[in-house]
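The values are calculated or read from the model by the stated rules, or taken from the named source; none is laboratory data. All of these numbers come straight from a predicted model, not from anything done at the bench. Positions of Cβ are backbone-derived with ideal geometry, glycine not excepted, and every protein chain shown enters the neighbour counts.
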């Protein structure tokens with residue numbers, strides 16, 4: 001069993017986007033999943049990207065925004081909704097709301113997101 005506390009969570013950040021790695025290669029031996037709490041500030045954008053060998057599920061916890069999808073498509077997302085991206089699906093987020101957009105990202109198999117962030121602790 002692993003029991004993780006905030007002191008073991010890794011923080012990764014870019015302008016307006018903060019990811020708190022709850023279960024990741026930084027603090028867990030899990031070979032099956034990464035769980036990240038992501039906060040996107042109002043007006044901030046998490047650019048479109050894809051995970052070629054992992055699927056990802058976003059569980060929207062707070063706020064509202066616009067999902068940025070492949071082929072320049074988009075769609076609204078709000079707290080209480082869930083989006084699943086298959087391997088290779090393009091996804092990102094534009095926080096068009098007035099409050100932070102917060103979601104849990106569950107990724108399988110696990111990925112190390114360090115490459116996408118400038119600030120790490």
When you check residue 39 against the structure, is it part of a strand (DSSP E or B) and within 12 Å of the chain's Cα centre (by Cα), yes or no? yes
Can you tell me which residue in region 7-20 is nearest to the chain's Cα centre (by Cα), limited to those that are farther than 15 Å from residue 92 by Cα and not in a strand (DSSP E or B)? 9
In this structure, is residue 3 crowded, with 17+ Cβ neighbours inside 10 Å and either under 13 Å from residue 102 (Cα atoms) or without any contact (Cβ under 8 Å) to a residue 60 or more places away in the chain (or both)? no
Does residue 38 fit the bill of being touching a residue at least 24 places away in the same chain (Cβ under 8 Å) and within 14 Å of residue 105 (Cα to Cα)? yes
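Condition check ((1) at pLDDT below 95; (2) closer than 21 Å to residue 2 by Cβ; (3) more than 13 Å from the chain's Cα centre (by Cα)) across all residues:
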| site | (1), (2), (3) |
| --- | --- |
| 22 | no, yes, no |
| 62 | no, no, yes |
| 66 | no, no, yes |
| 71 | no, no, yes |
| 79 | no, no, yes |
| 88 | no, no, yes |
| 111 | yes, yes, no |
| 119 | yes, no, yes |
Could you please let me know if residue 45 is surrounded by 14 or more Cβ atoms within 10 Å (Cβ to Cβ), more than 20 Å from residue 110 (Cβ to Cβ) and touching a residue at least 60 places away in the same chain (Cβ under 8 Å)? no
Among the residues of region 56-65, are any more than 17 Å from residue 19 (Cβ to Cβ) and buried (at least 16 other Cβ atoms within 10 Å of the Cβ)? yes
List pairs: first residue in region 86-108 and without any contact (Cβ under 8 Å) to a residue 60 or more places away in the chain and at negative phi, second residue assigned to a loop (DSSP other than H, G, I, E, B) and buried (at least 19 other Cβ atoms within 10 Å of the Cβ) anywhere in the structure, Cβ distance under 6 angstrom, at least six positions apart or on different chains. 97/63; 99/63
